[in-house]
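First the structure, in the form of structure tokens, and then the observations on it.
The values are calculated or read from the model by the stated rules, or taken from the named source; none is laboratory data. Everything numeric in this text was worked out from a predicted model, so none of it was measured. Glycine gets a Cβ as well: all are built from the backbone with ideal geometry, and neighbour counts include every protein chain shown. For accessibility, only protein heavy atoms count, side chains too; no ligands or nucleic acids. Shrake-Rupley method; radii C 1.70, N 1.55, O 1.52, S 1.80 Å.
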Amino acid sequence: MPPEEHRQNPLSRILGGSAGRSIGLIIALVALFLVGTITAGDRFANVENVLTIVRFASITGVISIGMTFVITAGGIDLSVGSVMGLATVVATLSWIQDFASDTNWIVMVVIALAVGAGAGLINGIVIAYGNVVAFIATLAMLVAARGLAEVLANRTTQIVKVQGFLDFFRSDILGIPILIWIFVLVVVAGWFLLNRTTFGRRTVAIGGNLEAARLAGIKVKRHIMYLYVLAGLTAGIAGVMMLGRTTAGTSTHGTLYELDAIAAVVVGGTLLVGGRGTIMGTVLGVLIFSTLTNVFTQNNLSTSVQAIAKGAIIVVAVLLQQRFAARAARKK
């Protein structure tokens, strides 16, 4: 008797694969847009509001790209929100802003990225070489980074005063805000890295079977360290974007962003147990949650109801993941 996959028609194979999952996410996104258009009318269905949705999604989206790599490898990073907040605080310290004013505003960007990558490096070393469970290591970084941000900022909000920085992040290209362009660039880079490089293939291999990856010659510990540096770097980029959007650095920036990122990654189709990751699925997951938030806001609905809806979406996504995983196991 021929194997089950050969008995399936081409349409079934497509719908059962990554393309089918993406189509499902696109249908869900379109359905949300229809609900928004029907319930809020022109307040929702206009170009300015669509740009608002994408701009709102851009910061969480950048963090989610880094999270996609970590989860694809079977890890988790609970610290990215706190690291983002720390990056905004360090980049807006008075002496750094003074130095940036005297030289170039890029200094603030470099500092924020260095803070993010540095925190990710610490996570990576502790997890990969210290053999500490990722959940515990990144939970510790979550607490430590938030505490350090509060100490450095003295629990105050630090206003961005570097005019070049403000001018750049208030600008747009072809009528599209600069934050959206940064998001697009990160998405393109993330997709290329995951799907077209050995780095991406090694990430998937480690998530699929860590021991098999090690026996295949992959330097697993070093690669895992790099993954957490990448997650920290995207948190630093998100910190810069947050500074551009709010013009202020504070220890409260990024609160619960790690949960939003994990939710977007899981809803997008990346397996929590590792071994499968999708950048475009993550982008669609981020846009779904951003659109959902906008629909609730446009209709003046309770944030509590919004939280319940998000929770329900996450549960459904995880249940579907378990179903797909069980089906794949039966085929093997």
Those residues of the range 188-225 which are open to solvent by 40 Å² or more (accessible area, probe 1.4 Å) and among the hydroxyl-bearing types (Ser, Thr, Tyr), in sequence order: 198
Count - residues of the range 155-187 that are small (Gly, Ala, Ser) and surrounded by 12 or more Cβ atoms within 10 Å (Cβ to Cβ): 1
Listing of helices (runs of 4 or more DSSP H) fully contained in the range 197-298 that carry 3 or more residues being free of Cβ contacts under 8 Å to residues at least 24 places away in the same chain: 198-208, 210-215
Condition broken by residue 240, with the remaining ones in (1) surrounded by fewer than 24 Cβ atoms within 10 Å (Cβ to Cβ); (2) within 17 Å of the chain's Cα centre (by Cα) satisfied: (1)
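Here is a yes/no grid of residues against (1) surrounded by 14 or more Cβ atoms within 10 Å (Cβ to Cβ); (2) more than 30 Å from residue 121 (Cβ to Cβ); (3) modelled with pLDDT under 90; (4) touching a strand residue (DSSP E or B) at 6+ places or on another chain (Cβ under 6 Å):
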position	(1), (2), (3), (4)
9	no, yes, yes, no
66	yes, no, no, no
87	yes, no, no, no
102	no, no, no, no
Total residues in the range 123-135, condition within 14 Å of residue 78 (Cα to Cα) and either in contact with a Lys or Arg (Cβ under 6 Å, 6 or more places away or on another chain) or crowded, with 21+ Cβ neighbours inside 10 Å (or both): 4
Count - residues of the range 249-266 that are within 14 Å of residue 314 (Cβ to Cβ) and either among the small types (Gly, Ala, Ser) or open to solvent by less than 20 Å² (accessible area, probe 1.4 Å) (or both): 6
Residues that are of a type outside the set (A, V, I, L, M) and over 13 Å from the mean Cα position of the chain (by Cα), drawn from the range 72-101: 74, 75, 82, 85, 88, 92, 94, 95, 97, 98, 99, 101
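Among the residues of the range 110-127, are any in a helix (DSSP H, G or I), among the aliphatic types (A, V, I, L, M), touching a residue at least 60 places away in the same chain (Cβ under 8 Å) and touching a strand residue (DSSP E or B) at 6+ places or on another chain (Cβ under 6 Å)? If you could, list the steps in order and put the result at the bottom.
Applying the first criterion (in a helix (DSSP H, G or I)) to the range 110-127 yields 110-127.
Remaining after also requiring among the aliphatic types (A, V, I, L, M): 110-115, 117, 119, 121-122, 125-127.
Remaining after also requiring touching a residue at least 60 places away in the same chain (Cβ under 8 Å): 112-115, 117, 119, 121, 125, 127.
If we keep only those that are touching a strand residue (DSSP E or B) at 6+ places or on another chain (Cβ under 6 Å) too, we end up with none.
Scanning the range 110-127, I find no residue that is in a helix (DSSP H, G or I), among the aliphatic types (A, V, I, L, M), touching a residue at least 60 places away in the same chain (Cβ under 8 Å) and touching a strand residue (DSSP E or B) at 6+ places or on another chain (Cβ under 6 Å), so the answer is no.
Taking the residues in the range 134-165 that are assigned to a helix (DSSP H, G or I) and over 24 Å from the mean Cα position of the chain (by Cα) as candidates, determine which candidate is farthest from residue 243 (Cα to Cα). First the steps, then the outcome.
Of all residues in the range 134-165, those assigned to a helix (DSSP H, G or I) come to 134-153, 163-165.
Restricting the remaining residues to those that are over 24 Å from the mean Cα position of the chain (by Cα) gives 151-153, 163-164.
Values: 151: 19, 152: 16, 153: 14, 163: 13, 164: 13 Å.
Filtering the range 134-165 for residues that are assigned to a helix (DSSP H, G or I) and over 24 Å from the mean Cα position of the chain (by Cα), the one farthest from residue 243 (Cα to Cα) comes out as 151.
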Checklist (1) within 16 Å of residue 73 (Cβ to Cβ); (2) of a type in the set (S, T, N, Q); (3) open to solvent by 10 Å² or more (accessible area, probe 1.4 Å) applied to residue 246, failing item: (1)
Single unsatisfied condition, residue 309 versus (1) touching a residue at least 40 places away in the same chain (Cβ under 8 Å); (2) farther than 25 Å from residue 146 by Cα: (1)
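Step by step: first the residues of the range 143-154, then only those that are modelled with pLDDT of 95 or more and over 27 Å from residue 68 (Cβ atoms), then the one that is most open to solvent (accessible area, probe 1.4 Å). Which residue is that? First the steps, then the outcome.
Kept after step one, since they are modelled with pLDDT of 95 or more, are these residues of the range 143-154: 143-152.
Those still in the list that are over 27 Å from residue 68 (Cβ atoms) too: 147, 150-152.
On the way: 147: 28, 150: 54, 151: 108, 152: 71 Å².
By that ranking, first place goes to 151.
Here is a list: 113, 139. Which entry is under 19 Å from residue 255 (Cβ atoms) and open to solvent by less than 80 Å² (accessible area, probe 1.4 Å)?
Within the list 113, 139, the selection yields 139.
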